Amino acid sequence: MSQQGTINVAVENIFPLIKKFLYSDHEIFLRELISNATDATLKLQHLARIGEAKVELGDQKIEVKIDKEAKTLHIIDQGLGMSEEEVQKYINEVAFSGAEEFLEKYKDTAKDSGIIGHFGLGFYSAFMVADKVDIITKSFKDEPAVHWSCDGSPNYTIEPADKSDFGTEIVLHISDDEQEFLEESRITELLNKYNKFMPVPIKFGTKTETLPKPEDAKEEDPAPTQEVENIINNPNPAWTKQPADLEEEDYKNFYRELYPMQFEEPLFNIHLNVDYPFNLTGILYFPKMTQDLNVQKDRIQLYQNQVYVTDNVEGIVPEFLTMLRGVIDSPDIPLNVSRSYLQADGAVKKISSYITRKVADKLKSLFNEDRAAFEEKWNDIKIVIEYGMLSEDKFFEKADKFALYPAVGGSYFTWDELIEKVKPVQTDKDDKTIILYTSNQEAQHSYINAATDRGYEVLLLDSPIVSHLMQKLETSKDKVSFVRVDADHIDNLIKKDEDQISKLSDDEKETLQKTITDTISDASYTVQVEAMSSDAAPFIITQPEFMRRMKEMQATGGGGMMGFGNMPDMYNLVVNANHELVQEIFNANSDDKKANLIKQSVDLAKLSQGLLKGEALTNFVKRSYELIK
Ligand code: ADP
Ligand code: MG
């Protein structure tokens, strides 16, 4: 007996709305339908287990099939199926009201581009790509099979069907402007994206498998092959297993499965597994980081019960950890909401701080268990840790125990070790501990030497956000100050009480200062004549710490003081009044000779800093030849 009916339409004609609202996300229909097929399969397995379904289950799977001629796409499951009554209830009423409710919600947030996923639209998302949808289904209970059909208007028909096995087949008559969903490559792409780790095997066509050659085969004989079912998913991905059941190798294999195009091995992984007060599983990987802060394309993927949702985890995972890779799976993350709502959600906040804590604990245990290995990895992980210390106070507290400060000699200090080491030697007359660092061992070579000769420790801090971190450390720690080795001449880097006796009087120093300023006539250099030890260099160019750091901070975003980014580079030209050459310049008997000596000396100082270029360099070479003639 065939019957017709009208779906109860509260929102006037829901189908055009579905098409219109969800335009850009049409592809999710397949995820929805396969999710339903999976639910139906798992439900039947459950009923069989508890003895409510007396059926032979066998190896249940889901099949996806394209019929190019009929222009149909089929999703076939061996799940619990539906009786006629159940179709009425679940498809005409429940599915419809689910879709309706979804659209109501969606309308409010449609302007908010931050929507993630579209779970909840469910079965009716099929009408985003199909003119007509058939359901052919037979319940596992002894009930006749039914055929439901709907052409995208609110009208449907329902009639008996001849189907002898329990389960459901959904047939989509793909509409003219959605023909891409009849392409094998497109469907493969979608199955790989959304269903790669779903819990029921999914078959899509067949593939050719190479078999071992028989014993008596000749060298030139091709290996035999056979056509086998093409199962596109791994129903038991590593993150669904217990950490105790997994070896290091299993984690690495899963990484390759997740990112087939990544050839670099991850540094280490963190297995997430909680069920109270929220449910979350997952595996995060620390990849090798580069200096490059650009967002990478392989990102953390968010799943719900093994169904892929998105790889945009902003708001769920703290920002500094979005540089990691891996999977998190949680049914407790609301999906049909805007990002701003998400960030205020209590459960999501808890998830975010749980992840932060787990990552910090893992790093701490790696540090404790094998410090040498941790030091070896430091260069690759420091950006994440430094970024975390800057952005999350909780993480800062924990990381303070394992964050490392490498020194130019090759040793690594924790903060406490560093302070213990440098405090006795590097505390200035105001009782501030001065931490010296270099950002470039090559370019700042002579300054580093001068400092290490004094017995100072010089750190090598070269990550792009380190200027922000120094700022943070200076404010959260007591009486410390970071100074780059080329920020001043060695006697001034760490000011002690003892003053050098000057060979020039104050008046003489002033005269010399004027002469040099006039001779070089360059506004970006400030000339300072100072009494230093006679074996220190005669002319040194330094770049004051404050200005330079503010500029760096602005260049890497946030922090720093507004306006510094556009300032030209400023330098100090420090002249050692006690050096023989400076004495000679001061006492030179002709103005010409004086000017020549000054120019030559300043150029040498610039040269050692890589600051001598263009015409100035040409003049310097010319002048040098004159001098050695
Ligand atoms: P949801 O999956 O969130 O319940 P859907 O709109 O996707 O919403 O589906 C509505 C209902 O239709 C399901 O709850 C289920 O009862 C029924 N249903 C859909 N697809 C199938 C299927 N393949 N086999 C059995 N029942 C199904
Ligand atoms: Mg569903």
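Between LYS477 and ALA373, the modelled label-to-label distance comes to 2.8 nm, taking each label 7 Å out from Cα in the direction of the beta carbon. The length gained by stretching the chain between ASN589 and ASP59 to full extension, at 0.36 nm per residue less their Cα-Cα distance, is 180.6 nm.
Each peptide in 618-624, 49-55, 574-580, 460-466 gets a packing score, the mean of other Cβ atoms within 10 Å over its residues, and the list from highest to lowest is 574-580, 460-466, 618-624, 49-55. Placing pseudo-labels 7 Å out from each Cα toward the beta carbon at SER365 and THR526 gives an inter-label distance of 5.2 nm.
Taking every DSSP beta bridge that has both residues in the chain, what percent is antiparallel when rounded to the nearest 5?
75
Once every Cα of region 404-493 carries one equal point scatterer and solvent is ignored, give the base-10 log of I(q)/I(0) from the Debye formula at q = 0.13, 0.26 Å⁻¹, two decimals. The Cα Debye sum returns log10 ratios of -0.37, -1.70.
For region 473-550, the set of GluC sites (Glu not before Pro) satisfying both a DSSP loop assignment and a count of at most 15 other C-beta atoms within 10 Å is given as GLU498. Segment THR452..LYS429, full-extension length gain: 6.3 nm, with 0.36 nm per residue of separation and the alpha-carbon distance subtracted.
Sorted largest first, the spans of the alpha carbon positions of region 214-266 along the three principal axes are 46, 26, 23 Å.
If you keep only loop residues by DSSP, which trypsin sites (Lys or Arg not before Pro) in region 167-224 have at most 12 other Cβ atoms within 10 Å of their Cβ?
Working: sites: ARG186, LYS193, LYS196, LYS203, LYS207, LYS218; in loops: LYS196, LYS218.
Here the sparse-neighbourhood loop sites are LYS218.
When the chymotrypsin sites (Phe, Trp or Tyr not before Pro) in region 210-263 are filtered for DSSP coil states and for at most 14 other beta-carbon atoms within 10 Å of their beta-carbon, the remaining sites are PHE263.
Potential lengthening of the chain between ALA223 and ARG49 amounts to 58.4 nm, from the contour at 0.36 nm per residue minus the alpha-carbon distance. Each peptide in 57-63, 448-454 receives the mean, over its residues, of other Cβ atoms within 10 Å, and ordering these scores from highest gives 448-454, 57-63. A Förster radius of 41 Å, combined with the Cβ-Cβ distance separating ASP245 from ASP67, puts the computed FRET efficiency at roughly 0.50. Here the calculated FRET efficiency for LYS89 and GLU314, from their Cβ-Cβ distance with R0 = 41 Å, stands at 0.60, rounded to the nearest 0.05. When the P(r) of the chain is calculated, the portion above 35 Å amounts to 59% of the C-alpha pairs. With helices as the sole contributors, the chain gives -11000 deg cm²/dmol at 222 nm; each DSSP H run of n ≥ 4 counts as -39500 (n - 2.57), and the sum is divided by every residue.
Each reported figure results from applying straightforward, stated rules to the coordinates on display, with no laboratory input. It should be emphasised that the depicted structure is a prediction, and the values quoted were computed from it without experimental measurement. Reconstructed Cβ throughout: ideal geometry from the backbone, glycine too, with neighbour counts over all protein chains shown.
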